[in-house]
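Just so you know, all these numbers are worked out from the coordinates, no wet-lab data involved. This one's a predicted model, so the numbers in the text were calculated from it and none came from an experiment. Note that we place each Cβ from the backbone using ideal geometry, even for glycine, and neighbour counts take in every protein chain shown.
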Amino acid sequence: MVRLSRRNFMKSLFLLGFAGIGGGVRRQVIRPPGATRDFLARCIRCGRCGEACPYDSIRFFDIAAGALFATPYIDPLQTPCYLCLKRTGEGKDEPLGEYLLCGEACPTGALMRIRNTRETLLSMPDELKMGVSVLNRDICLAWQYDSCGECYYNCPLRDDAMLDYPPSEVIEGAVGIRPYVNEKHCVGCGMCNYVCPVNEKIASATLEPGRKLTYFEERYAAMVRNVIGRAGPGVELPAVRVVKRL
Ligand code: SF4
Ligand code: SF4
Ligand code: SF4
């Protein structure tokens with residue numbers, strides 16, 4: 001196991017252009033679920049999808065975005081899409097309505113209406129999905145340290161979109177889980193992206209003098225520093241993140 005000195009870790013962050021790690025990387029626009037191919041032509045910038053979202057997952061571009069002004073997007077690092085599910089006392093996810101609420105509220109069909117059942121979500125056409133998650137094993141704490149697993153446990157489509165183990169790989173000496181994104185079923189909700197501790201926030205928290213770390217930060221901070229330091233400049237965070245489907 002490679003351990004980084006504080007000095008080298010600081011240097012890595014500097015090289016990454018630490019206004020934010022990966023902050024120089026322009027992220028792709030992730031639209032709410034059901035966005036059609038001709039979304040920009042159909043969206044009238046009315047904001048109803050955002051009003052309908054019970055989790056405030058939908059944001060709108062400001063004037064600086066030019067032609068994209070007032071169109072909706074999702075930033076999984078801030079708030080993922082919860083797929084209009086509510087967790088019950090028994091730990092089960094129940095739909096909040098018959099359809100995903102943003103698409104149901106859209107007056108022009110820029111966001112299609114999608115039935116809120118697991119079967120429908122698992123068989124949604126790729127072009128209507130928000131994106132797909134990609135996982136970087138080199139900086140994933142489960143793959144590197146037999147730790148974590150937050151993405152797997154928090155995926156609303158767990159065991160279909162996110163598996164605890166690659167289906168057709170033999171991994172010598174594996175003790176814990178080894179998360180694996182099943183592209184066929186991942187809808188790009190960003191929950192894994194949101195909960196992954198290999199992120200800028202935890203990395204920077206460890207550098208703030210006198211900052212008391214939360215239990216979650218404390219638990220992962222050292223490992224996060226190590227994987228980021230080892231990966232070097234330019235690594236994209238978090239270890240699992242949503243990108244647009246091609
Ligand atoms: S599917 Fe539901 S939680 Fe997700 S963005 Fe739409 S309204 Fe919000
Ligand atoms: S984006 Fe992540 S959490 Fe969402 S369905 Fe895909 S694997 Fe699961
Ligand atoms: S949440 Fe991030 S670090 Fe943890 S297992 Fe998933 S990808 Fe790896």
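Assorted remarks:
- Projecting the Cα atoms of Cys148, Leu135, Asn226 onto the dipole axis of the chain, where Lys and Arg carry +1 and Asp and Glu carry -1 at the beta carbon, places Asn226 farthest toward the positive end.
- Peptides 72-78, 227-233, 208-214, ordered by how many other C-beta atoms sit within 10 Å of their residues on average, highest first, read 72-78, 227-233, 208-214.
- Over 29 Å between alpha carbons, listed pairs Lys86/Lys244; Lys92/Lys212; Lys129/Lys212: Lys92/Lys212; Lys129/Lys212
- Most mobile listed residue (Thr206, Thr88, Thr108) in the chain, GNM with C-alpha springs under 10 Å: Thr88
- For the chain, the mean residue ellipticity at 222 nm estimated from helices alone is -6500 deg cm²/dmol, where every DSSP H run of n ≥ 4 contributes -39500 (n - 2.57) and the total is divided by all residues, rounded to the nearest 500.
- Within the stretch 109-124, backbone nitrogen closer than 15 Å to the virtual label 7 Å beyond the Cα of Ala41 toward Cβ: 109-111
- Cβ charges +1 (Lys, Arg) and -1 (Asp, Glu), total dipole of the chain, debye: 740 debye
- Rounded to 10°, Cα long-axis angle of helix 215-231 versus longest principal axis of the chain: 80 degrees
- For the stretch 39-128, a simple Cβ point-charge model (Lys and Arg +1, Asp and Glu -1, everything else neutral) yields a dipole of about 160 debye relative to the Cα centre.
- Tilt relative to the chain, helix 6-15 - C-alpha long axis, 0 to 90 degrees, to 10: 40 degrees
- Gaussian network model of the chain, Cα within-10 Å springs - most flexible of Cys148, Cys46, Cys81: Cys46
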